[in-house]
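Remarks on the structure that follows.
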Amino acid sequence: MMHNLTRSPARVAPSLGLLIFAGITGAVWGQVPAERVHDLSLVVSPTLPCVWPVGMTPHSVVPVRTFGPGAFHRDLILIDEHTGTQWDAPAHFVPPPDSGLAGAGPMGLITGEKVPIWQFCGEACVVDVRRFIDDARNGESFLIGPEIIKAWEQQYRALGFGDVVLFRSDYTDRYYKPFPAGDRFIAAALRKEAPGWPAPTPETMTYLADCGVMTLGLDGASMGPLPTLAAATHQAGGRRGMIWTECATNLGALPATGAFYVNLAAPHAGGSGGECRNIAITDPALTPRLIDAARHKRVVDLSVTLEEDYPVTWPGYGPGDEASRYVAKTLNAFAPARGPYFARTHLLDGLAGTHVVIPAFSLPPPDFDEQQYSVEVRQALKTFEARYGRRGRSAATLEQVPLADLMGEAHIIDVRDLAGTTTAESWPASPAITLDMVKRHESQVRPVRAGEVVVFYSGYSDRYFQPLPPAPELDRLFAAPLAGKAEGWPAPTPEVVAYLAEKGVKCIGGDGPTLAGVDRVQSLFVNWLAATRQVYLVEYLTNIGAIAGKKAFFIFAPVKIRGTRGGYGRALALYD
């Protein structure tokens, strides 16, 4: 589907933001003040009504490895695609064209990984429907018709391509609570004991699609209204290629128009959508540039796709060290007995695919007895503290990570020349990104600035992220380097991490599977030093070459799962 990217002056007057943008094109992107970053995502927890209470799998987090005798904490996560704040791809409710089912069409083939990355962001246009929050019979939803959209346009401006329409009812703010009160969120409405959430009619979806709007969201439990229009509304939008977020929250933090919105969705292959993290940015200098980039599709996906037959999970140094494998299972297929929708569920390690390493992954809680560590880890800790000072401790789990620390201007350091600089006799080993290399880059390109996201560009994942080979052959990306059968991925030394932390860098990224490299002790040192200095490591990026040489703004956010110590998620960049 083609869209005109120009906006007619007769329909849309230049906004203050666009005028600001015209004066700063090519300027430094800068750091976003924390108060200008708005989390629009619900926290996921078994104690909250995060899962649709009919036909879905309960969410759970299982610690499978923790401190002592090892040095890290890992979680196994069970999660449906439609858990907490989540999004729908067209294939969620549009059957594939050869199915013979009602509503079938070509959009039924558009699963999550096939949706273009530019469609996940744009200018937030908040339609206030709070006055209708409980204005319906029990078991029914207030129907948001096209007239409400037209009234918003008359008050503000015409809608068009690049806009993200968000329906604000404050439903999640009011009803997303721990059980038993959480029953009111979905279950009570399904039992016809309470009104449902306001939601759009099929005609509203068609009207918005005709305007060129391709992305929506709401803070109710579903884009489909109760009791009988859920499938019709989903199909009306899905067959036009639209996507949307459900179970957003905190929409009251946004103006009616002018905020930048981004949906950072877990990149599940073959999925009907998935769990995601929604963010808005309202910084007056930065936001217009982000909106302009999104409207003109200057958006790059930097995340590897989560796929069963690809190396997306840490295989370990040997038996007993393997992280939980990524498993994708179709939970509900289009069928008369199962209902008119498609959905999947997943088992995965908290650090599967592109992910952030938070301090609590390698720093034990304050009450941990270090005598529980193995002799190897205790010796490594003694050496580490002699070189770098006292190692920290942390009990701050994933949902407490400040999102503003995971975004900023991308500072790309090209280390592709390191490939092939080790010898087979030294394996297992990773080529070292040294402090001298970083300082040489600064002298030749420009110095690293506080608040930037420093990204090491090696091209490693671009080259080796391929389907797993037949067993017992080892995959070239992870397993062969760990076994000493191939060179590892380039990785910074602890001195580099310390230097960047001193310069005010809060986030370091890399396109190898980890930023700690192949060597066990070096891995401990890098993780401990980054964690102690409160530096976040975003690992397993890809496609960095697409933003090399550009002024780009990097954003990563993990799925907001309570109590976990590692966060899989999505990374992207927007550029001038």
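Numbers at a glance
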item: Enumeration of residues in the range 184-209 that are more than 17 Å from ARG174 (Cα to Cα), buried (at least 19 other Cβ atoms within 10 Å of the Cβ) and not β-branched (Val, Ile, Thr); result: PRO200, MET205, TYR207, LEU208
item: Residue tally, condition at pLDDT 95 or above, part of a loop (DSSP other than H, G, I, E, B) and either in contact with a Gly (Cβ under 7 Å, 6 or more places away or on another chain) or surrounded by fewer than 14 Cβ atoms within 10 Å (Cβ to Cβ) (or both), over the range 305-322; result: 2
item: In the range 406-423, the residues that are surrounded by fewer than 21 Cβ atoms within 10 Å (Cβ to Cβ) and not β-branched (Val, Ile, Thr); result: GLU409, ASP414, ARG416, ASP417, ALA419, GLY420
item: Cβ-Cβ under 7 Å pairs, at least 6 apart or on other chains, the range 121-148 side over 30 Å from LYS297 (Cα atoms), far side of a type in the set (A, V, I, L, M) and in a loop (DSSP other than H, G, I, E, B); result: ASN138/ALA194; GLY139/LEU226; GLU140/LEU226; SER141/LEU226; PHE142/ALA136
item: Contacts under 8 angstrom Cβ, first residue in the range 312-335 being on the phi > 0 side of the Ramachandran plot, partner at pLDDT 95 or above and outside any loop (DSSP other than H, G, I, E, B), 6 or more apart; result: GLY316/LEU482
item: Selection from the range 157-187 of residues that are closer than 27 Å to SER45 by Cα, part of a loop (DSSP other than H, G, I, E, B) and in contact (Cβ under 8 Å) with a residue 40 or more places away in the chain; result: SER169, ASP170, TYR176, LYS177, PRO178, PHE179, PHE185, ILE186
item: For PHE361: the one exception among (1) crowded, with 19+ Cβ neighbours inside 10 Å; (2) under 25 Å from ALA471 (Cα atoms); (3) within 20 Å of the chain's Cα centre (by Cα); result: (2)
item: Test: LEU403 is surrounded by 18 or more Cβ atoms within 10 Å (Cβ to Cβ) and of a type outside the set (Ser, Thr, Tyr); result: yes
item: Filtered residue count, the range 30-49, keeping only those that are of a type in the set (Ser, Thr, Tyr) and surrounded by fewer than 21 Cβ atoms within 10 Å (Cβ to Cβ); result: 2
item: Scope the range 127-156; condition in a loop (DSSP other than H, G, I, E, B) and either among the small types (Gly, Ala, Ser) or on the phi > 0 side of the Ramachandran plot (or both); matching residues; result: ALA136, GLY139, SER141, GLY145
item: Single residue of the range 53-69 satisfying the filter (in contact with an Asp or Glu (Cβ under 8 Å, 6 or more places away or on another chain) and not in a strand (DSSP E or B)) that is nearest to SER362 (Cα to Cα); result: GLY68
item: Any hit, the range 337-349, residues being of a type in the set (Gly, Ala, Ser), in contact (Cβ under 8 Å) with a residue 60 or more places away in the chain, farther than 27 Å from VAL559 by Cα and assigned by TED's automatic domain parsing to the domain that holds LYS550; result: no
item: Of the criteria (1) under 15 Å from the mean Cα position of the chain (by Cα); (2) assigned to a loop (DSSP other than H, G, I, E, B), which one ASP283 fails; result: (1)
item: Neighbours by Cβ (under 6 Å, 6+ apart or cross-chain): first from the range 284-300, within 10 Å of TYR575 (Cβ to Cβ); second of a type outside the set (D, E, K, R) and part of a helix (DSSP H, G or I); result: ARG289/PHE21; VAL299/ILE117; VAL299/TRP118; VAL300/ALA546
item: Qualifying residue in the range 87-104 (condition: part of a helix (DSSP H, G or I), surrounded by fewer than 22 Cβ atoms within 10 Å (Cβ to Cβ) and touching a residue at least 24 places away in the same chain (Cβ under 8 Å)); result: no
item: Filter result (of a type in the set (Ser, Thr, Tyr) and in a loop (DSSP other than H, G, I, E, B)) within the range 422-456; result: THR422, THR423, SER430, THR434
item: Selected residue (criterion: nearest to the chain's Cα centre (by Cα)) from residues of the range 335-352 that are of a type outside the set (Lys, Arg), outside any strand (DSSP E or B) and surrounded by fewer than 21 Cβ atoms within 10 Å (Cβ to Cβ); result: PRO340
item: Pairs where the first residue, in the range 368-387, is touching a residue at least 40 places away in the same chain (Cβ under 8 Å) and the second is exposed (fewer than 14 other Cβ atoms within 10 Å of the Cβ) and assigned to a loop (DSSP other than H, G, I, E, B), C-beta under 8 Å, 6+ apart; result: GLN372/PRO69; TYR373/PRO69; SER374/PRO69; VAL377/PRO69
item: Candidate set from the range 219-241 (those that are of a type in the set (Gly, Ala, Ser) and not in a loop (DSSP other than H, G, I, E, B)); member that is nearest to ARG191 (Cα to Cα); result: ALA230
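The values are calculated or read from the model by the stated rules, or taken from the named source; none is laboratory data. Every value quoted in this text rests on a predicted model; they were computed, and no experiment measured them. Neighbour counts run over all protein chains shown; Cβ positions are idealised from the backbone, glycine included.
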